[in-house]
Amino acid sequence: MRSSIHSRRQGLAAVFVTGLAALLCLASPARAADYASVNATVAESHILPAYDALAEAGTALAAVTDSYCAADAPLTEARQALAAFRRSWAGAEHLRFGPAELGMRSLRINFWPQARGKVADALSSALAKAEEESDGMDVARQSFAVQGVPALDALFNGDDSAAPGTPRCDLAKAIAGNVARMTSAIRDEWTGGDTPYLAAFTTPGTGALPFEDHADATLALFKSLHDELSRILALKIEPALGKTPADARPGHVEGLAPEAALDTIRANLAALEALYQGPDGTGLAALAGQSVTDTALAPLMEKAFSKTRATADSIALPLADAVTDAEERKKVAHLATQLRALRQIVGTRLAEALGLSVGFNSLDGD
């Protein structure tokens, strides 16, 4: 693994140097170099490690599921493997470009939120098809609702857990195997093959699509940050919180295990801060720190991330319980307020400092 990472870094440095020389004409020399440096750093320190971890978690999930269904491991281990995978997914969930979006993989891995009863219906349909067909359970050709995390969640944490030696456990094995294949493919397509996506990301404008130049690739990182803040707020917190305590809907949190919803949000926020900061401030923070018109931006961003994450960490109850608890609900509401403020700073002041525009996002709200 270490030699693979070392060779990957050497290759990344090579494509960065050769690509940058050819592309400086696409922007002012300083700005082109700034964008290119940030993109290369984020790819090496954040994107590739996130997908390595996700692929490893997917492989582990499939292996543990196989062991559980063979009665060689307890259900608690299968649940733990699913929780570990969910955290790894939360560390990469914001990167909604490239191989993760090819074939709608991100939606297939985590088909959430979904219409009420969609997963249960999809599981019933998959089990019925398995009884009718002789070629086993090919979940990759079935509804997205049965291909990933929510379906496994229902099988491991639902009222009718899959038991070893049953068709439901066979289905769990098929789903976990499907997840492992997708996550491995995402990782491999970033760095392998004749046209690795890494080359398109770090040397844009040379015929390798889909980025026109370094600024365009940086825009993908910026939108990953901004849009995920919107998703956390609009999909993971506001529906459960409601406008008033009477409007709270605990059933709208993500995941069936009590700890899942907050674990996921905390992992999301940690990943977003890592994307922004980079090693020693070499991520998007490097561009924010160069602003001569908004010198307060860099410390403000650091403070906003720190306080937002601290609030998320301070919530003592599972999110489904916290939204209806008098004291813990205040913390959840405060977290929502902080997320709105952080998103506003990112969408205005950080965008201006980076020379980028986030554009319209239907999740942004008012």
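The values are calculated or read from the model by the stated rules, or taken from the named source; none is laboratory data. Note that this is a predicted model, so its numbers are computed, not measured. A quick note on method: Cβ atoms are made from the backbone with ideal geometry, for glycine too, and the neighbour counts reach across all protein chains shown. Ligands, DNA and RNA are excluded from the accessible area calculation, which covers all protein heavy atoms including side chains. Shrake-Rupley method; radii C 1.70, N 1.55, O 1.52, S 1.80 Å.
Under a Gaussian network description of the chain, with springs only between Cα atoms under 10 Å, the residue in Val179, Val146, Val119 that fluctuates furthest is Val119. The residues of region 275-320 expose, per residue, 46 Å² of accessible area to a 1.4 Å probe.
Report the local net charge at Thr308: Lys and Arg +1, Asp and Glu -1, summed over other residues whose C-beta lies under 12 Å from its C-beta. Before the final figure, lay out the partial values.
Working: positive: Arg266, Lys303, Lys307, Arg309, Lys331, Arg340, Arg343; negative: Glu273, Glu302, Asp313.
Summing Lys and Arg as +1 and Asp and Glu as -1 gives +4.
Note on Lys118: aspartates and glutamates with a C-alpha under 17 Å away, same-chain residues under 8 apart excluded, are Asp153, Asp159, Asp160, Glu254. Counting charges near Asp263 (Lys, Arg +1; Asp, Glu -1) among other residues having Cβ under 14 Å from its Cβ returns a value of +1.
How big is the Cα convex hull of the chain in projection, averaged over all directions, in nm²? Don't jump to the answer; show the numbers that get you there.
On the way: hull surface 78.0 nm².
Over every viewing direction, the Cα hull of the chain projects on average to 19.5 nm².
For the chain, a crude dipole built from +1 on the beta carbon of Lys and Arg and -1 on the beta carbon of Asp and Glu, taken about the Cα centre, is about 620 debye to the nearest 20. Since only Ala185, Ala261, Leu335 are under comparison, the one whose Cα sits farthest along the positive direction of the charge dipole of the chain, derived from C-beta charges on Lys, Arg, Asp and Glu, is Leu335.
How would His252, His214 rank on accessible area, largest to smallest, probe 1.4 Å?
Final ranking, largest accessible area leading: His252, His214.
Could you identify which residue out of Ala172, Ala71, Ala322 has the top mean-square fluctuation in a GNM of the chain using Cα springs shorter than 10 Å? Checking each option, the largest mean-square fluctuation is seen for Ala71.
Summing charges over neighbours of Ala57, with a neighbour being any other residue whose Cβ is under 12 Å away from its Cβ, gives +1 when K and R count +1 and D and E count -1.
For the residues Leu95, Leu342, Leu61, a GNM of the chain with alpha-carbon springs under 10 Å puts the largest fluctuation on Leu342.
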